Each structure stands twice: as structure tokens, then as C-alpha cells.
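Inspection log for the structure reproduced underneath, given as C-alpha cells.
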Amino acid sequence: MCGIVGYIGKEQAAPIILDGLAKLEYRGYDSAGMAVYDGKAIHTQKAIGRLKVLENLTRGGETMPGTAGIGHTRWATHGAPSDKNAHPHSNNAGTIAVVHNGIIENYIPLKKKMTDKGYTFQSETDTEVLAHLLDYYYKGNPVEAIAKVLHRVEGSYALGILFSDHPDEIYAARKDSPLIVGQNESGCFIASDVPAILKYTRTVYYMDNQEIAALRQDGLQFFSVDEEKLEKTPVTIDWDANAAEKAGYEHFMLKEMYEQPKTVADTISPRIRNNDIVIDELKMSEEQMKAIRKIHIVACGSAYHAGVTGKYVLERLARIPVEVDVASEFRYRDPILEEGSMVIVISQSGETADTLAALRESKARGFQVLGIVNVVGSSIAREADACLYTWAGPEIAVATTKAYSAQLAALYLLAMKLARVRGVLSAEAFQELLGDLRCLPDQIELLLGQKQKIQHFANRYLGARDIFFIGRGIDYAISLEGSLKLKEVSYIHSEAYAAGELKHGTISLIEEGTLVVALSTQPELYQKTISNIVEVKARGAFVMAVANEENKAVEKACDYTVYIPQTNPCFANSLAIIPLQLFAYYVAVGRGCDVDKPRNLAKSVTVE
């Protein structure tokens, strides 16, 4: 959520900041603003609405000259979307400007303290208290003032700060909200995510919690919250810069769906060697793998749905009991982690606040944590005991597609590896699974080629009010993600149910013409699912089925069928989700929705 970009160097700052913020629009926002030092004073411009409004107000940055500046796209938490609540926020004298991602949890007592000392507040935000605290503690040394403020505030933050007394520097600080620092020949940058500055540099530093950075045109320094100098090692980003652009596609979501064959191949291929699965990143011996008695998977949103599939696959192949938790509930149910348990946390960004909190809770209890993440150097990647990267590249659309598919692939690899090491999967069965795994990228490509067929069907349901997804076993997990994709981007009410639960109440919602999407990819459950299809059709439902090519019986029971290529039932999600993603996309486009930036949603949820 929200986005920060800052620059100091030889070039004009405002155009660079606007360009960087445009690359972060996928994170979700409702207003935008910039503060730039013009050689005499800090000038600020804010605007509610899309970034284009700010661009027009500043003529693309021309009306805000200066080589040092900070910018922000805000997603409202404290205070409604408005010009006055937009960032940057300043002290009363206008000599300090701050942009902030995160939440200051103790801002109410701090605000009272500042008000009692004569400071006046112009906004309803928690962020403005930071500007006044910085003013209160500033005695000429910015690092000292920032450190004192960080000792006083509670919560999460990524900060970009300008001091008019130090026009040749910008400052940054971070705790629990992502922030990176970049450098090239012309100057230095701060940003919430790599795509914002990938055009300018591939050399970045990932800031750790409670670190402060001082950036100048000719270099940068890092400090601890205790003002001690730190040495940090830069990371070279190897993403293709074009991967963060639309490359001729109408939307990032569509582009990223079409990148799924490559994403799955990139996640799988390096870990298949000599007809075996080798996952060096696990950092576990075979004895340690054999000693696992239980697995806890913790994630949010689509990553949680990948985890539900992971439960079925891990239990079926490796015969290890698995629990799956929504990350926001994990800590608060006081989970029982028994000896021999391993915790797996899944996150595209590696910065998801609830998932990161679950990781820390698990480590504090002394349990090993494996992270499945997409962003190298992210908080989860750094803090987990081991990290299995998904290699999906930058995912810009808020509604995940390719990262979800990569998470599934990573879970398949893990399940197969554990099953083989633990001796519960024969060599012959393992090789058959390996063959099916290798086929997934080409099969996904084949399904993406059916887009016109899916688009034609989607056009019939642009005006739908309610759509239901049903399935059993892994098909239920697929239903969860299919339903989420639809509601995320089209705003149609949609729910997913374990098909057997329909008769326990939900079937009362089925009316004449209601669309029910039935998943039927698990051979042992074909007949059970067909019985559920017959039940909803008897109540007037129109049924679209997603089924295996061999499952001809389902076609007789349904009104419309999309077939997926034959694969092992454990891998069915990777194929069945493709037509559901396409369906959600084309319904949303047909309804005129902003597919890449759905209302009220953010790409990376970095606050609880």
C-alpha cells in the first residue's frame, strides 16, 4: 500500500519522482504529493485522485524545480482522502517535509503532547505528528533528530524526509514497511519497491528495521537507531526493465497472465537436476526432512489459497499433516506448535505485515520458518531461516496471477522432495510426477490460447449480481482463488464453497439463471461433484464446469464446459485456474473496471 519515491542528485527531482510514483500505482492510492527543495525553500504540491492530477498541476514537474525531493501516493488510513491529508506533511514553519508509509499506533498521545507544546495540526493523519516531532527534536543534526523520533513512535513506518537546513541531503528510515535505497552516477534514490527506480539503477540497498539512511548526490550513509554508522552491501537487481512495463498488453493483469508459462518454468526448471528435485535453499539435511512431524502454512489472500492447495498436495504425497492459517488470525489464536513442526509463510512481496508477524511469532517460539516469496531481499526473505524464491519477476497488477502460479509450483516441488526423501513415494511414481510437472508450462500456454472462447462466455455475465464457485478437495482450493479473482477485479459478489456444503444452507441462494462455476478435476470426486451440479441445476442455476479432458460425464450435466489438459490431480490447480483468471479479467474489462488497480485494494498490505 502507498508508495514513496525520493531523489537527490544532478538531475531535476520532480520528473524522476513522478515517473517513479507512476511505477508504484499498482500499490493502490487515493492521493499524491511532492516536496522539492528549489535552492531557497521546500515547496509542496498535493492532489486528491490519480497521479495524473498531480502531473498536470506541476506540468510534469516543471513548476517544481530542484534537485532534491520526495514524493508519495497515499492510501487513506487516518483521515479521508483529501488534499490536506495527502503527503508530504510539514512542520509549522515549512522547513521539514515528511512522507510516510505505515501506521503510527501511538499518534494520539503524541499529537496531544505536540499540541500542548503549541504545535498546530492541519490534517487528520497520524503522519503529521512525525513532522512536528522532528521539528521538536531537531537541533541541527538530522540523524540525531530522526533517531529520537524513532525511539518515541510505535508502529510501522517507511519515511522520506527533507530538511531545508540540509538542502544537499534527503533522509530515509524504516520499520516494518518496505523501503529501498538506490544509487547511480547522477545521484541517490529511495523507493518503496524496485520498479520505481529500475529505470535509473540496478544497484540497491535493502533497509532493515530501525535503520536511517542519509543520501547525497555523491553517496550515502546508513545509521542504526542509536546513530551508529552501518556498513551495508548493495544488491544488483537482475530483472529485465521491460518486465515492469505493459509491453503492448492492454493491462498488466493480462500481461502477467501470459507470463505464467515462463514463471512456472523459471520456478521449476532450476530445481530439477538429473531427474531429481534439488532445493538447495531449504538448508535442510535429509535427516531433518524426515524429522518433520507437522507443517503450518501461513499466508493471506491468494497466497493463502495456494497454501490450501499445498495442504492437499503435501498430505497426499508426503503424508505429513498440514494446517493452513490466515496470517491475520495465526498469532491471535495462540497456535500450538509442537516439536517437529515447520512453519511455511507465503507472500508475493515478502513484506505482508500479518505474514511477517506470523514469521516472527514462530521464530520467537524456536521453530524453523521457510519463506516462499517473490522479492529477493524482502523482509521475509531476510528473516526466514530459509527462502524458496518463486522467480515470477515484478508483478504490477494488484490481483495476482503469475505469482500465485509460481507459489503453487514451489509447493509442488517441496511436496515431491519431502515425499521422496521420506520414502513414501516410489521412484516410478516420482518420475511420473516429474514428467507431469515439466509439462505444466506448455499446458498453461495451451489454455491461454482459449482466451476468445472465455471472453465470449464472460460477456454473457457482465450484469451478474452473484456468482458461486464450488468444488471438492483441491477443486475447493481452486474455487477459492477463482472466486477471489472475480470479486477483486469485477466487483461482482462471488463466493466459493466446498460443494458438499451447498445443501447446508447456501443452496437457498440459487435462483433462476444464477451462474455456478463447478470445478471437477479430481477423478475420485467426479460423481460427487456431478451430484452437486444436478442439485443446483434443479434450482435454476446455469453451470459452467472446468474439468479434465477425460471427464465427459460432467459435460452432460453442465451447460458449458472448459476442459483442461490431463495432468496429475495434485497439479490440477495450475491448469484450472487459467480459465478462471481469464473469466474474471474479461468480465471486469466488459464492466469498465480498472483491472490493474481495483478500488480499495493495495498490492502489498504492509499494515495489520
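The values are calculated or read from the model by the stated rules, or taken from the named source; none is laboratory data. These numbers come from a predicted model, not from an experiment. Cβ: placed from backbone, ideal geometry, glycine included. Neighbour counts: every protein chain shown. Only protein heavy atoms, including side chains, enter the accessible area calculation; ligands, DNA and RNA are left aside. Shrake-Rupley method; radii C 1.70, N 1.55, O 1.52, S 1.80 Å.
In region 167-190, the residues that are over 21 Å from Lys10 (Cβ atoms) form Cβ pairs under 8 Å with partners that are modelled with pLDDT under 90 and of a type in the set (Val, Ile, Thr), at six or more places apart or across chains, as follows: Asp176/Thr606; Ser177/Thr606; Ser177/Val607; Pro178/Thr606. Of all the listed residues (Glu323, Glu339, Glu395, Glu361), the sole one being open to solvent by 20 Å² or more (accessible area, probe 1.4 Å), assigned to a loop (DSSP other than H, G, I, E, B) and in contact with a Lys or Arg (Cβ under 9 Å, 6 or more places away or on another chain) is Glu339.
Contact annotation: residue pairs with Cβ atoms under 6 Å, 6 or more positions apart or on different chains, pairing a residue in region 498-511 that is touching a residue at least 24 places away in the same chain (Cβ under 8 Å) with a partner that is in a helix (DSSP H, G or I) and surrounded by 12 or more Cβ atoms within 10 Å (Cβ to Cβ), are Ala498/Tyr476; Ala499/Thr529; Ala499/Asn532; Leu502/Asn532; Ile510/Val536.
Filtering region 54-103 to residues that are of a type in the set (A, V, I, L, M), closer than 22 Å to Asp135 by Cβ and buried (at least 24 other Cβ atoms within 10 Å of the Cβ) leaves Ala68, Ile70, Ala86, Ile96, Ala97, Val98, Val99.
Could you tell me whether region 477-497 includes any residue that is closer than 30 Å to Met416 by Cα, in contact (Cβ under 8 Å) with a residue 12 or more places away in the chain and in a strand (DSSP E or B)? Within region 477-497 (the criterion being closer than 30 Å to Met416 by Cα, in contact (Cβ under 8 Å) with a residue 12 or more places away in the chain and in a strand (DSSP E or B)), the answer is yes, since at least one residue qualifies.
Looking at region 520-541, which of the residues that are out of contact with any Phe, Trp or Tyr (no Cβ under 7 Å at 6 or more places or on another chain) and open to solvent by less than 20 Å² (accessible area, probe 1.4 Å) is nearest to Leu580 (Cα to Cα)? Looking at the filtered set, the residue picked out is Thr521. With a requirement of 3 or more residues that are small (Gly, Ala, Ser) and at negative phi, none of the strands (runs of 3 or more DSSP E) lying completely within region 507-608 satisfies it.
Contact map, region 450-463: residues that are open to solvent by less than 70 Å² (accessible area, probe 1.4 Å) paired with residues that are charged (D, E, K, R), Cβ distance under 6 Å, separation 6+ or inter-chain. Pairs shown: Leu462/Arg591. Restricting attention to region 304-320, the residues being part of a helix (DSSP H, G or I) and open to solvent by 10 Å² or more (accessible area, probe 1.4 Å) number 8.
Filtered by the rule that a residue be within 27 Å of Lys246 (Cα to Cα) and either open to solvent by 40 Å² or more (accessible area, probe 1.4 Å) or not polar (S, T, N, Q) (or both), region 256-277 gives Glu256, Met257, Tyr258, Glu259, Pro261, Lys262, Val264, Ala265, Asp266, Ile268, Ser269, Pro270.
Are any residues in region 446-460 under 28 Å from the mean Cα position of the chain (by Cα) and in a helix (DSSP H, G or I), and if so, which ones?
Leu446, Leu447, Leu448, Lys451, Ile454, Gln455, Ala458
Residues in region 116-134 that are touching a residue at least 12 places away in the same chain (Cβ under 8 Å) and either surrounded by fewer than 18 Cβ atoms within 10 Å (Cβ to Cβ) or touching a His at 6+ places or on another chain (Cβ under 7 Å) (or both): Lys117, Tyr119, Thr120, Gln122, Ser123, Glu124, Thr125, Asp126, Thr127, Glu128, Leu130, Ala131. Contact map, region 49-71: first residue assigned to a loop (DSSP other than H, G, I, E, B), second residue among the β-branched types (Val, Ile, Thr), Cβ cut-off under 7 Å, separation 6 or more or different chains; pairs are Met64/Val36; Met64/Thr58; Gly66/Val36; Thr67/Ile8. Those helices (runs of 4 or more DSSP H) of region 82-168 in which 2 or more residues are over 25 Å from Tyr29 (Cα atoms) and among the aromatic types (Phe, Trp, Tyr) occupy 128-137. Please work out if Leu21 is within 26 Å of Pro598 (Cα to Cα) and open to solvent by 60 Å² or more (accessible area, probe 1.4 Å). No. Within region 1-35, being in contact (Cβ under 8 Å) with a residue 60 or more places away in the chain, among the aliphatic types (A, V, I, L, M) and either in contact with a His (Cβ under 9 Å, 6 or more places away or on another chain) or over 21 Å from Pro167 (Cβ atoms) (or both) holds for Met1, Ile4, Val5, Leu21, Leu24, Ala35. Among the candidates Ile272, Ile277, Ile268, Ile297, the residue that is touching a Gly at 6+ places or on another chain (Cβ under 8 Å) and either at pLDDT 95 or above or under 21 Å from Leu437 (Cβ atoms) (or both) is uniquely Ile297. A Cβ distance below 7 Å, combined with a sequence gap of six or more or placement on separate chains, defines the contacts here; from region 550-565, residues that are in contact (Cβ under 8 Å) with a residue 40 or more places away in the chain reach residues that are hydroxyl-bearing (Ser, Thr, Tyr) in the pairs Ile564/Thr521. Criterion applied to Asp436, Asp475, Asp466 was being among the charged types (D, E, K, R) and open to solvent by less than 10 Å² (accessible area, probe 1.4 Å), and the one residue passing it is Asp475. Applying the set (1) surrounded by 24 or more Cβ atoms within 10 Å (Cβ to Cβ); (2) over 24 Å from Thr355 (Cα atoms) to Lys148 leaves exactly one unmet item: (1). Evaluated against (1) part of a strand (DSSP E or B); (2) of a type outside the set (A, V, I, L, M); (3) over 16 Å from Leu411 (Cα atoms), Lys246 falls short on exactly one condition, (1).
Within region 72-81, can you find the residues that are of a type in the set (S, T, N, Q) and either at pLDDT 95 or above or in a loop (DSSP other than H, G, I, E, B) (or both)? Result: Thr77, single match.
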